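Here is the structure we will look at, set down as structure tokens.
The values are calculated or read from the model by the stated rules, or taken from the named source; none is laboratory data. All values derive from a computational prediction rather than experimental measurement. Quick reminder, even Gly has a Cβ in these numbers, built from the backbone with ideal geometry, and neighbours come from all protein chains shown. Calculation scope for accessible area: heavy atoms of the full protein, side chains included, ligands and nucleic acids excluded. Shrake-Rupley method; radii C 1.70, N 1.55, O 1.52, S 1.80 Å.
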Amino acid sequence: MLANILFYAGLAVSLVIGFLYFRDLGDVSQMILKVKRENTLRFIRNEYRYAAIGLGGLVVMLIGHFMGGGPGWLFFMGLPIVTFLVLFLYIFPWVWVHLGLRNQQDEAKYFSIEEARDWVNPSASVMVIENDGHARAHPDAQIMRPHLAGDEKGLGGQDVIMTYCAMANLGQGYVPAIEGKRLDLEVLAQHGNNLILRDNDTGEPIQHIYGWREADRDTDTEGPACPLRPQAQMKPWPTYRMTFRGFQKAYPEGEVFLNKPPANPILRLLDMATEITFGWGISRQHQESAPVMDNMEHSDDRLPNKTYVWGVTIGRDAVCWTDDFVIENDWLINTNVGGRDLVVSLDPKFESLGVWYNDSGQPVTRCDFWGNSDQGQLTRVETLRAGLFWHVWVEFFPHTDINRIGASQTAESAA
């Protein structure tokens with residue numbers, strides 16, 4: 001009797017928790033299963049606690065079995081299969097997340113443009129951050145797997161890392177600290193087709209597109225989500241997209257992030273398998289209208305799902321633009337978001353769309369890639385999310401305006 005209780009109770013606990021682990025953090029599982037956001041967040045917070053309980057259940061099951069519990073045929077035919085299944089449910093998500101997606105927050109390698117030419121197509125899109133003349137480019141294909149890139153030298157002496165979500169086509173520079181404490185970030189999952197990080201010091205999830213810990217989320221706000229305290233978030237760093245050839249023109253001494261294959265043959269094989277899987281899924285994500293992982297909670301047909309948009313948030317106001325709309329308006333738009341006058345400008349020479357603060361009080365008629373305008377030097381908007389998918393932007397900012405020119409009632413009230 002005791003043996004049967006131990007066997008079946010251990011089997012149930014290990015299988016149920018193993019299934020939840022695989023479902024909520026297995027990543028590729030979400031191509032088949034629709035996972036609720038609260039379930040993913042719960043498992044992120046309690047990953048090792050749940051895993052320990054589940055594997056403990058496996059041990060209890062095996063003890064019960066060798067005490068004579070369970071069906072007799074299992075000893076000869078099924079025990080290895082059951083054990084393998086349970087172990088797979090735990091090992092796969094752990095290896096996928098902690099080894100396959102191991103980030104390079106402090107260990108990224110940056111190379112000269114000359115060396116990067118052997119690895120990056122001239123027309124490839126790169127995400128750029130710059131500080132005091134020190135510029136770094138991050139090609140999508142190179143940062144797709146590690147998701148985080150930075151080093152101890154920092155960006156012009158400033159601790160800035162690039163974070164990236166391939167499902168959203170979104171790269172965002174951040175200062176990896178909240179309220180003065182540096183974060184130990186790890187890639188854990190995605191939901192809403194956007195990366196979820198974990199602050200390992202607190203165990204709290206951080207939605208990539210927002211940049212603050214889930215525990216600091218203000219659930220009572222209308223419009224864009226925001227933290228309970230303005231300082232309780234990672235500081236976004238101005239990030240913009242351009243072509244690699246445009247980067248070479250703008251920053252001939254710039255650095256390029258390359259994720260070269262590791263020397264360890266086991267890690268090399270794991271990275272190859274991970275990137276093949278990623279490449280298959282992300283190519284579909286760019287080509288098909290439906291999200292490859294359909295865990296979305298909002299939909300909006302004002303634009304096709306996979307339209308690239310450039311969005312900014314200021315206060316409770318969120319607005320995005322498409323590049324073709326900016327081109328149709330002679331490459332430059334004067335607008336207002338959250339009570340701030342902005343300029344949206346697409347520079348054809350450097351093939352880059354930027355958004356700038358305009359504090360001159362006058363409309364701008366000319367603005368180049370550097371922010372030089374007929375109204376003086378402009379400053380880049382740090383909250384720009386450059387070239388992400390429309391369906392991801394509207395998932396997290398459902399009250400967004402599209403292609404705004406001039407002020408709006410929302411912007412005026414926010415002022």
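Looking only at the range 52-70, decide whether some residue is of a type in the set (A, V, I, L, M, F, W, C), surrounded by 13 or more Cβ atoms within 10 Å (Cβ to Cβ) and closer than 25 Å to residue 396 by Cα. Looking through the range 52-70, none of the residues is of a type in the set (A, V, I, L, M, F, W, C), surrounded by 13 or more Cβ atoms within 10 Å (Cβ to Cβ) and closer than 25 Å to residue 396 by Cα.
Return a yes/no flag: does the range 373-387 have any residue that is open to solvent by 50 Å² or more (accessible area, probe 1.4 Å) and among the basic types (Lys, Arg). Within the range 373-387, none of the residues are open to solvent by 50 Å² or more (accessible area, probe 1.4 Å) and among the basic types (Lys, Arg).
Checking the stated criteria, residue 42 turns out to be in a helix (DSSP H, G or I), under 19 Å from the mean Cα position of the chain (by Cα) and over 27 Å from residue 283 (Cβ atoms). Check the range 262-284 and report whether any residue there is surrounded by 12 or more Cβ atoms within 10 Å (Cβ to Cβ) and touching a strand residue (DSSP E or B) at 6+ places or on another chain (Cβ under 9 Å). Scanning the range 262-284, I find no residue that is surrounded by 12 or more Cβ atoms within 10 Å (Cβ to Cβ) and touching a strand residue (DSSP E or B) at 6+ places or on another chain (Cβ under 9 Å), so the answer is no.
When residue 242 is tested against (1) open to solvent by less than 20 Å² (accessible area, probe 1.4 Å); (2) in contact with a Cys (Cβ under 6 Å, 6 or more places away or on another chain), exactly one condition is not met: (2). Among the strands (runs of 3 or more DSSP E) confined to the range 85-179, the ones with at least 2 residues that are open to solvent by less than 20 Å² (accessible area, probe 1.4 Å) are located at 125-131, 134-139, 161-165, 170-175. Applying the set (1) on the phi > 0 side of the Ramachandran plot; (2) touching a residue at least 60 places away in the same chain (Cβ under 8 Å) to residue 371 leaves exactly one unmet item: (2).
Once the range 304-328 is narrowed to residues that are farther than 15 Å from residue 385 by Cβ and modelled with pLDDT of 95 or more, the residue that is farthest from the chain's Cα centre (by Cα) is 328.
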